[in-house]
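Read the structure below first, then the notes.
The values are calculated or read from the model by the stated rules, or taken from the named source; none is laboratory data. The structure displayed is predicted, hence computed values, not measured ones. So basically every Cβ, Gly included, is an ideal-geometry build from the backbone, and we count neighbours across all protein chains shown. Ligands, DNA and RNA are excluded from the accessible area calculation, which covers all protein heavy atoms including side chains. Shrake-Rupley method; radii C 1.70, N 1.55, O 1.52, S 1.80 Å.
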Amino acid sequence: MDRDSLFGAGLSRDADPVRAAREACAPVRAALGDAAATLVVMFASPDLCRDAEGLLAAIRGELAAEHLIGAMGEAVVGAGREVEEGPALAVWGAHLPGVEVVPFRLVARPLGEGMGVLGWPDAIADAPAGNIGPVIMLADPFTFPADGLLSELNEEPGAPVVVGGLASGGRKPGEHRLFAGGDVLLEGAVAVALRGARMSTVVSQGCLPIGPEMVITAADGSAVHELAGMPAMRKLEEVVAGLGVEERRLAVEGLLAGLVIDENVPEYGRGDYLVRAIHGGDRETGALMVGEHVRVGQTMRFQVRDARSADEDLRLALRAAREDLGPGGPGGALLFSCNGRGTRMFGEADHDAAAIDEELARIPAAGLFCNGEIGPVGGRSFLHGFSATMVLFA
């Protein structure tokens, strides 16, 4: 990507779709000037999605976007704000000269004895490894098996990583809205792959590692039978007993398992662990049940989560991504935050949006609260919970 890339983002809280589109698109149009919008991404609250077709038509009337995707969200992020109640529309646009955009739509259909995903483009499947940057994907949680697709991609050598999230605000199939080009969709997923764009991904799982790193020495499926040669439950009790007062308090409130995905790094940091819930234990066998398939030889470390550790983790991840993009730093960002964050986690509004503003010098950013966030750990893509995932554009 050359130095002429431009980014803009706007937010409106107007309840009228046409006025909301006009207000949210104005800062984007001003930032891009005479340059064409290569990609527009929109996020709309359920209120505005009652007239999704009218809203989309109004946005397309304001911005002549070459490519557009979007989704409904129970909360919308833009202009340094996280609007958790009432109507809200965020519009983000980018002029990306020299970047090839590959838009596509995915649907899940019965295939054999299970479900198959249709629509993955040959242009991505056949591309050489590393030739295409992260795929940005927005999906409906009721009709699209995002975790199944990600598992399949993780088995394919050279598959691009995926970042994005699941729409939110609906309670049953057919209530969410996805946007692709000039169409409003009720199912599946919408996505774009970007060839030639320089981007960095952020996955902040909001956790603090506690206790030592331990190797899984006996396991079956999602059951961890032994850690470092000791029954897993007994090892857990030993670790908790050795914690300080504050860490022990957090551990009592809820423990999670951190699983290293890529063992080929000299030292494991926070971003090297895939965090999963611990669903319980079996006192007779001493096994712990975690929300992920595990393997013997994999490194595991217990984790805790609270507002303070989530804030620290996000800021560290943002600083690392900023350094990764070099002297110019990021020019624009898309955020996919869990609907369990916001005021539910931090007790105050705008936390993730404010952190982006403070750490990344108020770059144009927009996003939504998701029913699940998609992002890479150890070079493989996973569906997360309680995380903040992002894609930053150089």
**Q.** Between the stretch 91-170 and the stretch 202-217, the alpha-carbon center distance in angstrom
**A.** 27
**Q.** Rg in Å to one decimal, and Dmax rounded to a whole Å, for the stretch 134-279 via C-alpha atoms
**A.** 19.4, 58
(Q) If DNA, RNA and ligands are ignored and the probe is 1.4 Å, what is the ranking of 95, 225, 351 by accessible area, most exposed first? (A) 225, 95, 351
Q | Table column - 3J(HN,Hα) (Hz), the stretch 92-100, Karplus curve with 6.51, -1.76, 1.60, x for Gly and Pro | A | 10, x, 9, 9, 10, x, x, 9, 8
Q. Among 89, 11, 250, which one moves the most in a GNM of the chain with springs linking Cα atoms closer than 10 Å?
A. 250
Q: Search the structure for amide H atoms under 5 Å from the amide H of residue 135, placed 1.01 Å from N in the peptide plane, and list their residues when 5 or more places away or on another chain.
A: 161, 162, 163
Q: Take the Cβ-Cβ distance between residue 279 and residue 100 as r, set R0 to 41 Å, and report the resulting FRET efficiency rounded to the nearest 0.05.
A: 0.45
Q) Taking amide hydrogens as modeled 1.01 Å from N in the peptide plane, which residues meet the under 5 Å criterion relative to residue 335, leaving out close sequence neighbours? A) 366, 367, 368
Q.
I want to verify a result. In a Gaussian network model of the chain, Cα cutoff 10 Å, which of these has the top mean-square fluctuation: 130, 114, 332?
A. 114
Q. At q = 0.06, 0.11, 0.14 Å⁻¹, what log₁₀ I(q)/I(0) does a Debye calculation on the Cα points of the chain give, no solvent, two decimals?
A. -0.23, -0.78, -1.21
Q | Where labels lie 7 Å past Cα in the beta-carbon direction, separation of residue 15 and residue 147 in nm | A | 3.8
Q: Treating each Cα of the stretch 79-209 as an identical point scatterer and ignoring solvent, apply the Debye formula and state log10 I(q)/I(0) at q = 0.19 Å⁻¹.
A: -1.31
Q) What spacing in nm lies between the two simple spin-label points modelled at residue 253 and residue 64, each 7 Å away from Cα in the Cβ direction? A) 5.3
Q.
Mean Kyte-Doolittle hydropathy of -0.5 or higher plus an axial Cα length of 18 Å or more: which whole DSSP H helices in the chain meet both?
A. 17-32
**Q.** Qualifying GluC sites (Glu not before Pro) for the stretch 221-311 [loop in DSSP, other Cβ within 10 Å: at most 10]
**A.** 267, 284
Q: For the stretch 308-394, run through the trypsin sites (Lys or Arg not before Pro) and keep only the ones in DSSP coil with at most 12 other Cβ atoms within 10 Å of their Cβ.
A: 362
Q: Calculate, in nm to one decimal, what residue 129 and residue 238 gain on full extension: separation in residues at 0.36 nm each, minus their alpha carbon distance.
A: 34.9 nm
(Q) Using 0.36 nm times the number of residues separating residue 307 and residue 362, minus their current alpha carbon distance, what extension gain do you get? (A) 17.6 nm
(Q) Charges at C-beta only: +1 for Lys and Arg, -1 for Asp and Glu. How large is the resulting dipole of the chain about its Cα centre, in Debye rounded to 20? (A) 300
Q | Dipole of the stretch 60-160, positive direction: furthest Cα of 144, 133, 87, with charges on the beta-carbon | A | 87
Q: List the GluC sites (Glu not before Pro) within the stretch 129-181 that fall in a DSSP loop (any state other than H, G, I, E or B) and whose Cβ has at most 16 other Cβ atoms within 10 Å.
A: 155, 175
Q) In the chain, with Lys and Arg counted as +1 and Asp and Glu as -1 at Cβ, which of these residues, 71, 372, 222, has the Cα nearest the positive end of the dipole, that is, farthest along it? A) 71
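Please compute one quarter of the surface area of the Cα convex hull for the stretch 241-391 and express it in square nanometres. Provide the component values of the computation, followed by the final result.
Numbers: hull surface 42.7 nm².
Projected area, direction-averaged: 10.7 nm².
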Q) Which ³J(HN,Hα) values in Hz, rounded to whole numbers, follow from the phi angles of the stretch 78-86 under the Karplus curve 6.51 cos²θ - 1.76 cosθ + 1.60, where θ = phi - 60° and Gly and Pro get x? A) x, 6, x, 10, 10, 8, 9, 9, x
**Q.** Cα-based convex hull, the stretch 128-174, per residue volume (Å³, whole number)
**A.** 67
